[in-house]
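The structure appears right after this line, and notes come after that.
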Amino acid sequence: MKNKIAVLLMEAGVSYNKQKLHKVGYFRELLATNQDIDEGLKPLLRLCRETVVRLGKTESALVRSLERDSFLVERVERLMTIPAVGPITAFTWALEVGEVQRFSSIKKAISYCGLCGAERSSADITKRMPLSKQRNKHLQTVLIEAAKMAPRNSPDLAMIYDREKQKGNANRATLAVARKLVAYLVAVDRRQKEFLTVERENRTAA
């Protein structure tokens, strides 16, 4: 819905501050003072804004309800020690995956999340096929959104993104970060230890 608001304004040729757009005061002032916004567009923008607010309240209520489960919260708090993993990503992972032991490998977890496609090789050329439709759509969406923000919160994930983007495709770079997040989530979940402890153990073993 936030994206829809931005698209409606762009299509109408309205200039706005991207960082402030979804703040209540700024949005209200924009509608009241910007002469480029047609009177016929304002009701639709207000409806979109009201929907964002309602969804936000619903999300908060769901999180508060889930936080009553002490075992789930303990697991989520461990997952949130991973850079770029917030409460929604952690809760979604825990609820959709269930027991992480169901995955015998990280590759299978990545496939379950719909973050990889099959590869087709011909001569010296390897072509990656579209992402599989047999995936957990909820996890796929949440992880991709998390991956878009991840490079801002982790130098290691930023390096992965930059390395893949240099090959010419930003979407593939985001997917590479999402796949790395899955590897982190599986590792923390399996060992039931915070991210920094797991990383330290990995480096020691290497």
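Between beta-carbons, use under 13 Å as the cut-off and find the net charge around V142, counting Lys and Arg +1, Asp and Glu -1.
For residues surrounding V142, the net value is 0.
Taking a cut-off of 13 Å between Cα atoms, list the aspartates and glutamates near K20, but don't count ones fewer than 8 places away on the same chain.
E29
Could you grab the relative contact order for the chain? Cα pairs under 8 Å, six or more apart, rounded to a whole percent.
Working: 187 pairs, mean separation 37.9, N = 206.
This gives 18 percent for the chain.
Note down the magnitude of the dipole of the chain about its Cα centre, charges +1 on Lys and Arg C-beta and -1 on Asp and Glu C-beta and zero elsewhere, to the nearest 20 debye.
It works out to roughly 380 debye.
Less than 14 Å Cβ to Cβ from T51, Lys/Arg counted +1 and Asp/Glu -1: what total charge do the surrounding residues give?
+4
Please check the chain for the longest run free of trypsin sites (Lys or Arg not before Pro) that are loop-located per DSSP (anything but H, G, I, E, B) and have at most 12 other Cβ atoms within 10 Å. Can you show the working numbers first?
Values: sites that count: K18, K20, K23, R68, K133, K167.
For trypsin sites (Lys or Arg not before Pro) (loop position, at most 12 other Cβ atoms within 10 Å), the longest site-free span of the chain is 69-132.
Could you give the dipole magnitude of segment 1-121 about its Cα centre, charging the beta-carbon of Lys and Arg +1 and that of Asp and Glu -1, in debye to the nearest 20?
80
Under the rule of -39500 (n - 2.57) per DSSP H run of 4 or more residues, summed and divided by the residues of the chain, what mean residue ellipticity at 222 nm is obtained, to the nearest 500 deg cm²/dmol?
Taking each H run of at least 4 residues, the total per residue is -21000 deg cm²/dmol.
When volume of the Cα convex hull per residue in Å³ is calculated directly from the model, which label among (1) 171; (2) 191; (3) 131 fits?
(1)
In whole Hz, with x marking every Gly and Pro, tabulate ³J(HN,Hα) for segment 10-26 from phi via Karplus 6.51 cos²θ - 1.76 cosθ + 1.60, θ = phi - 60°.
Per-residue couplings from phi come out as 5, 5, 8, x, 8, 7, 8, 8, 4, 6, 9, 3, 9, 7, 4, x, 5 Hz.
Taking DSSP loops as anything outside H, G, I, E and B, show the longest stretch in the chain free of GluC sites (Glu not before Pro) there with at most 16 other beta carbons within 10 Å. Spell out each step's value before the answer.
Values: sites that count: E39, E67, E99, E194.
Counting at most 16 other Cβ atoms within 10 Å as exposed, the longest clean stretch of the chain is 100-193.
All of the numbers you see were taken from the coordinates with simple rules; none came from a lab. Worth saying up front: this structure is predicted, and the values here are computed from it rather than measured. Cβ sites come from the backbone with ideal geometry, for glycine too, and all protein chains shown count toward neighbours.
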